[in-house]
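Visitor: Right, I'll just put the structure down here and ask away after.
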Amino acid sequence: MALDIGLPTGPTLANFCAGPNLAAAQHLALWLGDKASSAHRSPVPTYVWGPAGSGKSHLLKAAREGLRTQGARAGWLDATVLQAPEFDERWVAVLLDDVHLYTAEQQQQAFRWFVHAQTLQRPVLAAGDVAPAALLLRDDLRTRLGWGHIFQLQLLSEAERRAVLRQAADARGVFLGDEVMDFMLTRFSRDLGHLMELLDLLDGYSLQTQRAITIPMIRSMMENH
């Protein structure tokens, strides 16, 4: 059973578990830099791609959050944005998430943003589920997505997911037994973002009911939500 749970709010590069995706994480960290170096940010676009749960949206949202903490603004477009605004020259970057899901209208707006960004030497960060050449998008947008830095993201291994869950639980002061970990990984979505949100829910329910996190407690939470 896969719960329909979204990513936790406010993802950052610091809480991104890189695993096999270290090169992409390091590239984004250098790209983001700090407020002092932002004026020298490279305008070359970056595209990350990989299967669901590999961390694409986390990286883009982390970049947006990093820019926000620097006092900067960026244009954001994903498949849920039905009416995107016109390009704002105050944006320091353009972020395009889940481009493989864009409608014809969203593709047109993304292309406009891309052209304005290139004209003003502003970088574009984009993410999709396949390599640029395989995107079923209009040609002018697809070619622009493919001419800069490209990183393929891989899913974390089960051992890496277990290590991340264990570390996150320890940080909360929560004990996850091996049986509970097995249950979480076999009965729920293995997407790391979903698992981290599930851990938040379990932690909250555990505190509310004053019960340790066990398989019966998880079943009880499911029955009551």
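Just so you know, all these numbers are worked out from the coordinates, no wet-lab data involved. Remember, predicted model here, so these are calculated numbers, not experimental data. Glycine gets a Cβ as well: all are built from the backbone with ideal geometry, and neighbour counts include every protein chain shown.
Visitor: Where does the chain land at 222 nm, in deg cm²/dmol rounded to the nearest 500, when only DSSP H runs of n ≥ 4 count, each adding -39500 (n - 2.57), divided by all residues? Present the calculation step by step, with values, prior to reporting the outcome.
Guide: Numbers: 8 runs with 100 residues, N = 225.
When only DSSP H runs of four or more count, the value is -14000 deg cm²/dmol.
Visitor: With the Cα gyration tensor of the chain giving a ≥ b ≥ c as the square roots of its eigenvalues, does the rule (a/c under 1.5 for rounded; else a/b larger than b/c for prolate; else oblate) give rounded, prolate or oblate? Walk me through the numbers before you get to the answer.
Guide: Values: a/c = 2.22, a/b = 1.97, b/c = 1.13.
Here the chain falls in the prolate category.
Visitor: Pop out the ³J(HN,Hα) list for region 76-93 in order, Karplus 6.51 cos²θ - 1.76 cosθ + 1.60 with θ = phi - 60°, rounded to Hz; leave Gly and Pro as x.
Guide: So the Karplus estimates, Gly and Pro as x, are 10, 9, 9, 5, 8, 7, 7, 10, 6, x, 6, 4, 10, 5, 7, 5, 9, 6 Hz.
Visitor: Round to a whole angstrom and tell me the spacing of the C-alpha centers of region 171-225 and region 84-116.
Guide: So the separation of the two Cα centres works out to 38 Å.
Visitor: Same structure again: With a/c under 1.5 counting as rounded, go ahead and sort region 96-169 into rounded, prolate or oblate using the C-alpha gyration tensor (a ≥ b ≥ c being the square roots of the eigenvalues; past the cut-off, prolate if a/b is larger than b/c, else oblate). Please report the intermediate quantities before stating the final value.
Guide: On the way: a/c = 2.65, a/b = 2.20, b/c = 1.20.
Taking the square roots of the gyration eigenvalues as a ≥ b ≥ c, region 96-169 is prolate.
Visitor: Can you tell me how region 11-114 classifies by the Cα gyration tensor, rounded, prolate or oblate, using a/c under 1.5 as the rounded cut? Spell out each step's value before the answer.
Guide: Details: a/c = 1.96, a/b = 1.17, b/c = 1.68.
Judged from the Cα gyration tensor, region 11-114 comes out oblate (a/c at least 1.5, b/c at or above a/b).
Visitor: Sticking with this structure for a sec: Just to confirm the filter: which trypsin sites (Lys or Arg not before Pro) across region 43-135 are DSSP coil and have at most 15 other Cβ within 10 angstrom of their Cβ? Spell out each step's value before the answer.
Guide: Working: sites: LYS56, LYS61, ARG64, ARG68, ARG73, ARG90, ARG112; in loops: ARG90.
Passing both the DSSP loop test and the Cβ count: ARG90.
Visitor: Can you tell me, using C-alpha contacts under 8 Å and at least 6 residues apart, the relative contact order of region 75-115 as a whole percent?
Guide: On the way: 38 pairs, mean separation 20.0, N = 41.
Answer for region 75-115 is 49 percent.
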